[in-house]
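Comments concern the structure below.
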Amino acid sequence: MKKTKPAPKKRGPVKSAKRLKVAFAASEAVPFIKTGGLADVAGALPKGLSAQGCDVVTVIPLYGAINREGLVKTDLEFYVNVGNRAYLTEVYKGKFDDATPVYLIHNRELFARPNPYGDENGDYPDNDRRFIFFNLAVLELLRLLKFRPDIMHVNDWHLGLVPVLLKNLSKGDFLRGVRSVLSIHSLAYQGLFPKESFELTGLPPELYSTDGVEMHGQLALLKSAILFSDGIAAVSPTYAKEILSPTLGFGLEKVLKKRKEVLTGFLNGVDMEEWNPEVDPLLPFNYSAKDLSGKAMCRAKLLKVAGLKNIKERPVVGIVSRLVGQKGFDMVVECADELMQLDLTLVVVGTGQKKFEDFFSELKIRRPDRVFCHIGYDDRLAHLIEAGSDVFLMPSVFEPCGLNQMYSMIYGTPPVVRATGGLKDSVQNWSPAKKTGTGFVFQDAQSPALLAAVKRAIKTFGKKKEWARLVINCMARDFSWRKSAADYKGFYKKIIAS
Ligand code: ADP
Ligand code: GLC
């Protein structure tokens, strides 16, 4: 049979796949300002989304502590009404990378302060006004930029009003109909303010109800976001389940159950430009799984900085943490004497509750031969501890995701963790029989369980071949943002389609 040439297909104009437009707002982001893991995520996920082909605009407040070098003051200036006051708003521009701009919103009276949320006297008393202002300013900025996102992605209570505001825009508003996604990094902080603060929002009075923004007689910002956002993502799959129970729902479990069909959980990723032992500029020596000699040198450096003896056989146990109850330090206090009888050295950097700061400071005085602690926030030391320790200790009572355990694995430092939230999702218990696993996981939030896990770690550390395998297992894990950013993009598409 004679072969006939297939007729050429008719081609219309080439359609390029529509790029998703995402506006991402958070109260802190690396490299501009950081008090915790939220900043690591807000500094990395937008880049991950850009790499996934999204057009992302990020917005954070311009706090007094942010270094303005490298930022450009834009000519955008506008007023935001909060209650009966109008606040002059200035906008600066920076970037995470060439594809990912960041806008920083400034008002001198509200943000030119040394810290983002409070000082030695506690939270700033006008945090309601500050963050209501920020929520309103984010939306106004998008209008002025003429950036109408397909998804408005907000984080934690600080941006809790945005989903409500989006659902209550007047007809014809440029942003009307924009869908929102809430990431829950922690339910422990809910943005609760007195009833009077509601007036600052400018929302219609009927919204101050149990079906709206009110909870137990207060304006409840995180609750509002849970009720009004179109999609909710907890920062790990396990945390997404845990928050439906009264223990970890912190009073919001019922509201979350109502939104169960739009609730999911994605494990955070790691910014491999910031946390990668092969290139980390904050480390005195770099290394990789192929050549760990740099890790041994980091260990020596860490012990030197700490003023501790470098004994090869004695494992260095590192802690980098906010020193708060959530992180399981009550258990550490409880078993401190037994812990100190073990053949280990403890190296700690952290700040937080006074009782834990005092505990570690006193432990250092009691056991100067075995313990080093630095009470404070020190990025360089944090990186050195991740790299120079043998074991990383993170015994959290609850942990929505946790980043340090992932950093420690990437740095070849197997973690001891409790099976909760993102710790459970990211650390696999070491099995000596199968030679699988990346750390030491314990179940009960009780000090004997913690102690037993530390003992297992020390025992395994003594078996050089097993330990080497464990370290390799850790370093082989891929914690980059690629997967999570793709998951978020898929989630956005589902929400847009629904
Ligand atoms: P959380 O956000 O609950 O504090 P994460 O593990 O998600 O916990 O993130 C904590 C982040 O803060 C990590 O990047 C960690 O390295 C950093 N960090 C915490 N405490 C300190 C400290 N004292 N000095 C330097 N970095 C710290
Ligand atoms: C919160 C959580 C922590 C999480 C971080 C980033 O601070 O306590 O577990 O890793 O947010 O999502």
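How high is the relative contact order of the chain? Use alpha-carbon pairs under 8 Å, at least six apart in sequence, and give a whole percent.
Values: 956 pairs, mean separation 59.2, N = 498.
Rounded, it is 12 percent for the chain.
Suppose the chain between residue 69 and residue 361 were pulled fully straight at 0.36 nm per residue; how much longer would it get relative to their current alpha carbon spacing?
Contour length minus Cα-Cα distance gives 101.5 nm.
Once phi is turned into θ = phi - 60°, what whole-Hz ³J(HN,Hα) does the Karplus curve with 6.51, -1.76 and 1.60 give for every residue of the stretch 444-457, x standing for Gly and Pro?
6, 7, 9, 4, x, 5, 4, 4, 4, 5, 4, 4, 4, 4
Quick check on the stretch 293-478: of the DSSP beta bridges with both residues there, what percent are antiparallel, nearest 5%? Provide the component values of the computation, followed by the final result.
Numbers: 1 of 23 bridges.
Looking only at bridges with both residues in the stretch 293-478, the antiparallel portion is about 5 percent.
Which value, in Å to one decimal place, does the Kirkwood hydrodynamic radius take for the stretch 293-478 when every pair of different Cα atoms is included?
Numbers: mean 1/r = 0.0625 Å⁻¹.
So the Kirkwood estimate lands at 16.0 Å.
What are the aspartates and glutamates whose alpha-carbon lies under 19 Å from the alpha-carbon of residue 257, with same-chain residues fewer than 8 places away excluded?
156, 211, 214, 230, 242
Taking N as the number of residues in the chain, what value does Rg over Cα atoms divided by 2.2 N^0.38 Å take? The partial results should precede the final answer.
Numbers: Rg = 24.4 Å, N = 498, 2.2 N^0.38 = 23.3 Å.
With N residues counted in the chain, Rg over 2.2 N^0.38 Å equals 1.05.
Can you say what percent of the DSSP beta bridges in the chain, counting only those with both residues inside, are antiparallel? Round to 5. Mind showing how you got there, number by number?
Working: 24 of 72 bridges.
Within the chain, antiparallel bridges account for around 35 percent of the total.
Which is the longest run of the chain containing none of the GluC sites (Glu not before Pro) found in DSSP loop states (not H, G, I, E, B) with at most 16 other C-beta atoms within 10 Å?
Of all site-free stretches, the longest is 314-498.
If I take R0 = 30 Å and measure r between the Cβ atoms of residue 486 and residue 95 in this structure, what FRET efficiency does the formula 1/(1 + (r/R0)^6) give, to the nearest 0.05? Please list the in-between numbers first.
Numbers: r = 22 Å, r/R0 = 0.74.
Computed FRET efficiency for residue 486 and residue 95: 0.85.
What percent antiparallel are the DSSP beta bridges of the stretch 73-193, to the nearest 5?
On the way: 16 of 21 bridges.
Roughly 75 percent of the DSSP beta bridges within the stretch 73-193 come out antiparallel.
Collect residues whose amide H, placed 1.01 Å from N in the peptide plane, falls under 5 Å from the amide H of residue 183; neighbours closer than 5 in sequence don't count.
154, 155, 156, 233
With the cut-off at 25 Å, tell me which of the pairs 167/493; 34/354; 312/354; 95/424; 95/167 have Cα atoms farther apart than that.
Values: 167/493 19 Å; 34/354 21 Å; 312/354 33 Å; 95/424 33 Å; 95/167 29 Å.
From the list (167/493; 34/354; 312/354; 95/424; 95/167), the Cα-Cα distance tops 25 Å for 312/354; 95/424; 95/167.
How high is the FRET efficiency between residue 379 and residue 171 when r is their beta carbon distance and R₀ equals 45 Å, given to the nearest 0.05?
Working: r = 48 Å, r/R0 = 1.07.
The formula returns an efficiency of 0.40 here.
Hey, can you rank 144-152, 217-225, 48-56 by average C-beta count inside 10 Å, highest first? Display every interim value, and only then the final one.
Values: 144-152: 18.0, 217-225: 24.1, 48-56: 20.8.
Descending mean neighbour count gives 217-225, 48-56, 144-152.
Dipole magnitude of the chain about its Cα centre, charges +1 at Lys/Arg Cβ and -1 at Asp/Glu Cβ only, in debye to the nearest 20? Walk me through the numbers on the way to the answer.
Details: 70 positive and 54 negative charges, 592 e Å.
Computed about the Cα centre, the dipole is about 2840 debye.
Residue by residue through the stretch 382-396, what is 3J(HN,Hα) from phi via Karplus (6.51 cos²θ - 1.76 cosθ + 1.60, θ = phi - 60°)? Round to whole Hz and write x for glycine and proline.
4, 5, 5, 5, 4, 7, x, 7, 8, 10, 10, 9, 8, x, 3
By what distance, in whole Å, do the Cα atoms of the stretch 143-277 stretch along each of the three principal axes, largest value first?
50, 40, 26
Since every read-out is calculated from the coordinates, none of them should be taken as a lab result. Remember, it's a predicted structure, so these values are computed and weren't measured experimentally. Positions of Cβ are backbone-derived with ideal geometry, glycine not excepted, and every protein chain shown enters the neighbour counts.
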